[in-house]
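The values are calculated or read from the model by the stated rules, or taken from the named source; none is laboratory data. Predicted model, so just to flag it, every value in this text is computed and none were measured. Counting neighbours? That spans all protein chains shown, and the Cβs are built from the backbone with ideal geometry, glycine included. Calculation scope for accessible area: heavy atoms of the full protein, side chains included, ligands and nucleic acids excluded. Shrake-Rupley method; radii C 1.70, N 1.55, O 1.52, S 1.80 Å.
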Amino acid sequence: QLQLVESGGGLEQPGRSLTLSCVASGFTLSMFGIGWFRQGPGKEREGVSCIASAGLSDTYKYSVKGRFTISRDDAKNTVYLQMNNMEPEDTGVYYCARRRTTGVYGDHRFCSSDPGRYDVWGQGTQVTVSS
């Protein structure tokens, strides 16, 4: 079974840090670009960060804010999202997702901010930032 499981969400005060984990099973995570998405209250789901597959340059990473850092531990089949100096606007359900293979060789290795280009999603983990 192809599966992604997020963990690490919770309630934090502004300015605090939080690290989310995304553990993959049923496939080798290092072969795919992996994205983090957020859906805040009353908002559309948006891409917040992404890391390309192993072996590709770090220039393929993206984060909507410099205080978010994405990383990968291939031995653990896990991707992390480190969120520093959190703000109330960071509140939402956070999802990790695997890039979709479209038939173009290697396309699944790269990043995209479009949710439609991902085919396996975790169940999401709630992050609430409030004082």
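Applying the selection to the range 86-102, what residues are assigned to a loop (DSSP other than H, G, I, E, B) and open to solvent by 50 Å² or more (accessible area, probe 1.4 Å)?
Step one: of the range 86-102, the residues assigned to a loop (DSSP other than H, G, I, E, B) are 86-87, 91, 100-102.
Of everything in the range 86-102, those that are assigned to a loop (DSSP other than H, G, I, E, B) and open to solvent by 50 Å² or more (accessible area, probe 1.4 Å) turn out to be Glu87, Arg100, Thr101, Thr102.
Looking at (1) surrounded by 20 or more Cβ atoms within 10 Å (Cβ to Cβ); (2) part of a helix (DSSP H, G or I); (3) polar (S, T, N, Q), which is the one condition that is false for Ser53?
It is condition (2) that Ser53 fails.
Before we move on, is Gly15 touching a residue at least 60 places away in the same chain (Cβ under 8 Å), on the phi > 0 side of the Ramachandran plot and open to solvent by 10 Å² or more (accessible area, probe 1.4 Å)?
Details: touching a residue at least 60 places away in the same chain (Cβ under 8 Å): yes; on the phi > 0 side of the Ramachandran plot: yes; open to solvent by 10 Å² or more (accessible area, probe 1.4 Å): yes.
When the stated conditions are applied, Gly15 passes them.
Going through Ser25, Ser21, Ser57 one at a time, which residue ends up being without any contact (Cβ under 8 Å) to a residue 40 or more places away in the chain and closer than 27 Å to Gly106 by Cβ? Can you show your working first?
Working: Ser25 fails: without any contact (Cβ under 8 Å) to a residue 40 or more places away in the chain; Ser21 fails: without any contact (Cβ under 8 Å) to a residue 40 or more places away in the chain.
Matching residue, one of Ser25, Ser21, Ser57: Ser57.
Under 6 Å by Cβ, and 6 or more places apart or on different chains, what pairs join a residue from the range 106-131 that is free of Cβ contacts under 8 Å to residues at least 60 places away in the same chain with one that is open to solvent by 20 Å² or more (accessible area, probe 1.4 Å)?
What qualifies is Arg117/Arg100; Asp119/Arg100.
All but one of (1) open to solvent by less than 60 Å² (accessible area, probe 1.4 Å); (2) more than 16 Å from the chain's Cα centre (by Cα); (3) without any contact (Cβ under 8 Å) to a residue 24 or more places away in the chain hold for Gly42, so report the exception by its number.
Of (1) open to solvent by less than 60 Å² (accessible area, probe 1.4 Å); (2) more than 16 Å from the chain's Cα centre (by Cα); (3) without any contact (Cβ under 8 Å) to a residue 24 or more places away in the chain, only one is false for Gly42: (1).
Would you be able to tell me the number of residues in the range 63-85 that are assigned to a strand (DSSP E or B) and either without any contact (Cβ under 8 Å) to a residue 60 or more places away in the chain or exposed (fewer than 14 other Cβ atoms within 10 Å of the Cβ) (or both)?
Taking the range 63-85 first, the residues assigned to a strand (DSSP E or B) are 63, 68-73, 78-83.
Subsequent filtering for residues that are either without any contact (Cβ under 8 Å) to a residue 60 or more places away in the chain or exposed (fewer than 14 other Cβ atoms within 10 Å of the Cβ) (or both) retains 63, 68-73, 78-79.
Number satisfying all stated conditions: 9.
Only residues that are surrounded by 14 or more Cβ atoms within 10 Å (Cβ to Cβ), modelled with pLDDT under 95 and assigned to a loop (DSSP other than H, G, I, E, B): list them for the range 103-123, please.
Of everything in the range 103-123, those that are surrounded by 14 or more Cβ atoms within 10 Å (Cβ to Cβ), modelled with pLDDT under 95 and assigned to a loop (DSSP other than H, G, I, E, B) turn out to be Phe110, Cys111, Ser112, Ser113.
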